[in-house]
Amino acid sequence: MADPLTKKKKKTSQAVEVWKRLHKNKMAMVGMYTLIAILLLSLFGPLFSPYDYAAQNFTDRLLFPCASHIFGTDNFGRDILTRILVGGRYTLFITFVCITSAAVIGSTLGLLAAFYPKLDNLIMRIVDIFMGIPTMLMCVSIVAALGSNMQNMMIALIVTQSPEFARIMRAQVLTVKDREFIEAANSIGANNLRIIFHHVVPNALAPVIVQYTLGAVNVILMSASLSFVGMGVQPPTPEWGLMISAGRDYLRDYWHIAIIPGLAIVITAFALNMLGDGLRDALDPRLKQ
């Protein structure tokens, strides 16, 4: 019989440990499942809808929620449920592309600033300038200069979200690069690229992942705000912020046209916030048991 003391303990990977801690957080799991449901409904929901999101039907215009139109119809007789489902594709696409691009660009700048002191002052002073300008003002200025469309709105959102990632990544790399395992890697002759990608980045990603989810909330709200004022997605695209803008003239008598798309934004943002808070707790090494 084998000595139990000689048995090798199974090492649990860090990802599994994070998942276990995240799974214990009920609010975070609710947020994650809500996001998955929104994603699936946006991708596949319109395929099963009997209505075309752009088809106008003036005999059914301004209907309140009923059996045939669960969320009612708008001022052109278009089914609001179908438009929300299709609009979710645009909203999620804008959010994913913008926050991913901002995370890559900002994290790269922060990494370079922290790892190469000669670039630190230049990069961080530029980041400070961008962070000193109010986010909405910068977005409006960029879109006004480039033109009002979805592509230019996304450029503005990427520019305004990148500085936050740069500051977070720089702070993390400055903390990590003086650790003993980095000195050991240097002592055996590892080049800078290997040290950065194999040692520095994996140990600096946790706060960036949390900022990714929380920054996605900002992107959703900012994109909806820009579309609301006519500087983002243009009609007849059924983007949620644009749907709220189209329904504001009917808010007193036909509240559902604007309120229901607004609730879609609130639910998505709330789910992302809950998931972000859960990830922050799960990735915090001080909470390991």
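The values are calculated or read from the model by the stated rules, or taken from the named source; none is laboratory data. For clarity, every value in this text was computed on a predicted model and none was experimentally measured. Here the Cβ is made from the backbone with ideal geometry for all residues, glycine too, and neighbour counts use every protein chain on show.
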## Note on the structure
Of T59, T100, T12, the only residue that is at pLDDT below 90 and assigned to a helix (DSSP H, G or I) is T59
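Could you please give the count of residues in region 28-43 that are under 18 Å from N273 (Cβ atoms) and at pLDDT 90 or above? Quick ask: steps written out before the conclusion?
To start, the set of residues in region 28-43 that are under 18 Å from N273 (Cβ atoms) comprises 28-39.
Those left that are additionally at pLDDT 90 or above: 29-39.
Count: 11.
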### Query
Of (1) more than 30 Å from Y254 (Cα to Cα); (2) crowded, with 19+ Cβ neighbours inside 10 Å; (3) acidic (D, E), D120 satisfies all except one. Which?
(2)
### Message
Tell me yes or no: at least one residue of region 67-77 is under 27 Å from the mean Cα position of the chain (by Cα) and either surrounded by fewer than 19 Cβ atoms within 10 Å (Cβ to Cβ) or in a loop (DSSP other than H, G, I, E, B) (or both).
### Response
yes
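For D178, state whether it is part of a loop (DSSP other than H, G, I, E, B), among the charged types (D, E, K, R) and farther than 30 Å from S49 by Cβ. Steps first, please.
Working: part of a loop (DSSP other than H, G, I, E, B): yes; among the charged types (D, E, K, R): yes; farther than 30 Å from S49 by Cβ: yes.
So D178 fits the description; yes.
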### Message
Within region 225-239, take every residue that is more than 18 Å from I155 (Cα to Cα) and touching a Phe, Trp or Tyr at 6+ places or on another chain (Cβ under 7 Å) and give me the one that is surrounded by the most Cβ atoms within 10 Å (Cβ to Cβ).
### Response
P238
### Message
Among the residues that make up region 48-56, is at least one of them surrounded by 15 or more Cβ atoms within 10 Å (Cβ to Cβ), touching a Pro at 6+ places or on another chain (Cβ under 9 Å), more than 17 Å from T213 (Cα to Cα) and not polar (S, T, N, Q)?
### Response
yes
### Query
Any idea which of L92, L109 is surrounded by fewer than 24 Cβ atoms within 10 Å (Cβ to Cβ), within 10 Å of the chain's Cα centre (by Cα), hydrophobic (A, V, I, L, M, F, W, C) and assigned to a helix (DSSP H, G or I)?
L92
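Any residue that is without any contact (Cβ under 8 Å) to a residue 60 or more places away in the chain and out of contact with any Lys or Arg (no Cβ under 6 Å at 6 or more places or on another chain) - is there at least one of those in region 271-281? Break it down stepwise before answering.
Of all residues in region 271-281, those without any contact (Cβ under 8 Å) to a residue 60 or more places away in the chain come to none.
For region 271-281, residues without any contact (Cβ under 8 Å) to a residue 60 or more places away in the chain and out of contact with any Lys or Arg (no Cβ under 6 Å at 6 or more places or on another chain): absent.
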### Query
Only one residue in L193, L242, L214, L137 is surrounded by 19 or more Cβ atoms within 10 Å (Cβ to Cβ), hydrophobic (A, V, I, L, M, F, W, C) and assigned to a helix (DSSP H, G or I). Which one?
L242
### Message
For region 247-260, give me each residue that is over 12 Å from T73 (Cβ atoms), assigned to a helix (DSSP H, G or I) and either modelled with pLDDT under 90 or more than 26 Å from the chain's Cα centre (by Cα) (or both).
### Response
R248, D249
